[in-house]
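Notes for the one structure printed next.
Coordinate-derived values only; no laboratory data. Keep in mind it's a predicted model, so treat the numbers as computed, not measured. Methodologically, a virtual Cβ is constructed for each residue, glycine included, from the backbone with ideal geometry; neighbour enumeration extends over all protein chains shown.
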Amino acid sequence: MRVLYHFSENPGIEVFHPRQKSNRTDMPTVVWAIDAEHEVSYLCPRDCPRIVCYREPDMAAADKALFFGATEADVVMTLESRWLPRLLSVKLFRYSLPYEGFELFDAAAGYYVAAQPVVPIEVAAMDNLPGRIAAKGAELRLAPSLQPLRDALLRSSYRRFGIHRFEFAR
């Protein structure tokens, strides 16, 4: 059975109800979910600002050097350093959601949406988030500020990245 995921710090969600997203007020209310390929982007505290870069086979050499450096990882997640204690201590809950009823919203990001309430199939507690990130083959990086990386990404030709919860960045 194909499933999608929703991550939360709340262990007791029985039904996901469509809601308005604060940064997508132009959209109707929906339930958001992520596919398995992109779940690594959500293996951190909800409000943790982060930038996640996915390697592309045809990316420019300059972009590869700038954003991936010497790593062989296909995914690089950069967090603000001040979030490390929270990353080490938080327990997340990964809700498995039925694929049926969702529509693909953004293939590059792995986002799906549903217009109706969704009942989770199961919930799994997740701790040791740095270990889980590493197990996904991703490299975790820490930086005092995400602003220089964000600016460099937006100036580059590279486009396979996600900037999450930047409103909480310094």
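A few remarks follow.
- Three principal axis extents describe the C-alpha atoms of the stretch 1-56; from largest down they are 33, 30, 23 Å.
- Percent of beta bridges antiparallel (DSSP, the chain, rounded to nearest 5): 85
- Here the chain is assigned +1 on the Cβ of each Lys and Arg and -1 on the Cβ of each Asp and Glu. Its dipole about the Cα centre then comes out at about 520 debye.
- Partners of residue 136 within straight-line reach, counting lysines whose Cα lies under 23 Å from its Cα and excluding those fewer than 8 residues away in the same chain: 64, 91.
- The orientation-averaged projection of the convex hull spanning the C-alpha atoms of the stretch 3-168 amounts to 9.9 square nanometres.
- Residue 138 long-range amide H proximity, modeled H, under 5 Å: none
- DSSP loop GluC sites (Glu not before Pro) with at most 12 other Cβ within 10 Å: longest gap in the chain: 101-170
- Among 97, 87, 154, the largest mean-square fluctuation in a Gaussian network model of the chain, built with springs joining Cα atoms closer than 10 Å, belongs to 154.
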